[in-house]
Amino acid sequence: MKLKATLILLALLAGTTLIVFLLMYGTGNQNLRQNMAKDLPTHDAAQAYVLDQKLLASVDEIQAIHPGGPSFLMLTGKDDNGLDKYVWVAGKDDSIEVYGAVLETDGVAEQAIVESLQAKGIETDQIAEMHIVPHDYRSQNIVWFVREKGEKRHMLWYDFATGDLVWEAYGEPTAWERDKAFQSFKKDR
């Protein structure tokens, strides 16, 4: 009877350990990871591509963006009507893919997102980066991505069209636990 109970406990422990490992490190199967970082083209190749494809009439800025998973090259410029527009690409120079394009006027203004952040207690001096980006490589959803300064690497994604909070995460998986522990320590004193 003791042997059977011991084997059951060992099986439960092994199963729990496996689940925790898979949640923290994944399966290792690259086909299951939709947010796997892709190669980024050179700035010259990306600029030539968006101009040739008439996605932009002019390019003002090119910047590599890494919004909590996928990586993009963001090209900011003007469309044929002179409106501010963003285009995101990834891939090698000879196989560039477009992952989104949007006019700045099609979404919520930056100030509205800043106000939402302030309502959560995040002031502008606590923001490490804030960009309009595709949410991932597949969904075609455009979001405001915000990364807060600090060791927790707090990240927030707001829907670009509505300004609604879509997702909130921490780059440091145990950040929320440390905050909890610190808060309970302060209460004990």
Handout entry: Residue among LYS78, LYS92, LYS4 that alone is at pLDDT 75 or above and within 26 Å of VAL108 (Cα to Cα)
Key = LYS78
Handout entry: Leading residue by the ranking (modelled with the highest pLDDT) among those in segment 18-32 that are open to solvent by 80 Å² or more (accessible area, probe 1.4 Å) and not aliphatic (A, V, I, L, M)
Key = PHE21
Practice task
Output the strands (runs of 3 or more DSSP E) that fall wholly within segment 33-108 and possess 2 or more residues being in contact (Cβ under 8 Å) with a residue 40 or more places away in the chain, surrounded by 13 or more Cβ atoms within 10 Å (Cβ to Cβ) and within 21 Å of the chain's Cα centre (by Cα), or say none.
Solution key: 72-78, 84-90, 97-103
Practice task
Go through (1) in a strand (DSSP E or B); (2) farther than 16 Å from LEU73 by Cβ one by one and return the number of the condition GLU129 breaks.
Solution key: (2)
Practice task
Could you please let me know if LEU117 is farther than 25 Å from LEU75 by Cα and at pLDDT 90 or above?
Solution key: yes
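The values are calculated or read from the model by the stated rules, or taken from the named source; none is laboratory data. The shown structure was predicted, so the numbers you read here are calculated from the model rather than taken from an experiment. Backbone-built Cβ (ideal geometry, glycine too); neighbour counts: all protein chains shown. What goes into the accessible areas is simple: the full protein's heavy atoms, side chains included, and nothing from ligands, DNA or RNA. Shrake-Rupley method; radii C 1.70, N 1.55, O 1.52, S 1.80 Å.
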